[in-house]
1. With the requirement that a residue be out of contact with any helix residue (DSSP H, G or I) (no Cβ under 8 Å at 6 or more places or on another chain) and more than 17 Å from Arg67 (Cα to Cα), what does segment 19-30 give you?
2. Given the options Arg204, Arg215, name the one that is out of contact with any helix residue (DSSP H, G or I) (no Cβ under 7 Å at 6 or more places or on another chain) and at pLDDT 95 or above.
3. In segment 99-133, what residues are in a loop (DSSP other than H, G, I, E, B), of a type in the set (A, V, I, L, M, F, W, C) and either open to solvent by 40 Å² or more (accessible area, probe 1.4 Å) or within 30 Å of Arg185 (Cβ to Cβ) (or both)?
4. Could you grab me the full set of residues in segment 197-215 that are buried (at least 17 other Cβ atoms within 10 Å of the Cβ), closer than 22 Å to Glu175 by Cα and not hydrophobic (A, V, I, L, M, F, W, C)?
5. So is Arg102 at pLDDT below 95 and farther than 24 Å from Val36 by Cβ or not?
6. Can you find, within segment 140-149, the residue that is surrounded by the fewest Cβ atoms within 10 Å (Cβ to Cβ) among those that are part of a helix (DSSP H, G or I) and touching a residue at least 12 places away in the same chain (Cβ under 8 Å)?
7. Determine, yes or no, whether Ala136 is at pLDDT 95 or above and open to solvent by 40 Å² or more (accessible area, probe 1.4 Å).
8. How many residues are under 16 Å from His235 (Cα atoms), assigned to a loop (DSSP other than H, G, I, E, B) and out of contact with any helix residue (DSSP H, G or I) (no Cβ under 9 Å at 6 or more places or on another chain) if we restrict to segment 171-201?
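The values are calculated or read from the model by the stated rules, or taken from the named source; none is laboratory data. All of these numbers come straight from a predicted model, not from anything done at the bench. FYI the Cβ positions are ideal-geometry reconstructions off the backbone, even for glycines, and counts take in every protein chain you see. Surface areas here come from the heavy atoms of the whole protein model, side chains and all, with no ligands, DNA or RNA. Shrake-Rupley method; radii C 1.70, N 1.55, O 1.52, S 1.80 Å.
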Amino acid sequence: MHRAGAAVTERAVLGTGAIVLPLRQPLLVAKAAATVDVLSGGRFVLGLASGDRPVEYPLFGEDFQARGATFRKNVAILRTSWADRPNGEGISPPGIGLGVDRDLEVLPKPTGRSIPLVIAGHAQQSAEWIAKNADATLNYPRPLGALRLKTREWQQLTEGAPKPYLTPMQLDLTEDPAIPATAIRLGLRSGSEALVHHLREMGRLGVSHVSFNLRPSDRPVEEVLQELAETVLPHFPCPHMATATGTDSVA
């Protein structure tokens, strides 16, 4: 799917949200992610999670209670697999049992030094570990008061090297633009006017990017996308457009 998306788009960012890394072979994840990254010209973001369904782990021969340690090990394998090696030397990623006589090179290599890693939720890790090892954090929507505390913590942890705070959101966009925003499970039911105000507040608190899941709505997806494009997105121009026009923006 992401390979097809890379072929038919030019500027859209492609991403996963999120791969349950302890249940995946990390070298295959590394190779697949790098392939999409190359095909898209560096527009791929790899979202990762630890998973939270105990029934799945025995099916893959993994220990549910140890998923946090497995997650950390697999992240290290991803980073090592993507790294360039001098003189074409192979690598022996940690923790997968390859000796020096079985060194290998994972190809293709990403377009940059690495592929941006976004960690969803806590992934059984401390906030400090995520701030150090991830390129961004992905957290479910919260009431604005709770969001203020969460984004402030993230900003403090990444103060020396600021990193994005991302939020996925279920959105039920009403036909009446004047309908006030009300909370639904993992998101909002709202008219476009209140949605713009809510997104502005989220941006003010430090949210860098919001993605919408439109499945809660009874309206046709095409209709909702058109309304978002016409009534919401113009309030949040891309950063390069904001620089050119001198306006504020929320990515």
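1. Leu28
2. Within the list Arg204, Arg215, the selection yields Arg204.
3. Hits for segment 99-133 are Leu107, Ala123.
4. The answer is His198, and nothing else.
5. Here the answer is yes, as Arg102 does meet what is asked.
6. So, considering only residues that are part of a helix (DSSP H, G or I) and touching a residue at least 12 places away in the same chain (Cβ under 8 Å), the one surrounded by the fewest Cβ atoms within 10 Å (Cβ to Cβ) is Leu144.
7. Values: at pLDDT 95 or above: yes; open to solvent by 40 Å² or more (accessible area, probe 1.4 Å): no.
Against the criterion (at pLDDT 95 or above and open to solvent by 40 Å² or more (accessible area, probe 1.4 Å)), Ala136 does not qualify.
8. 1
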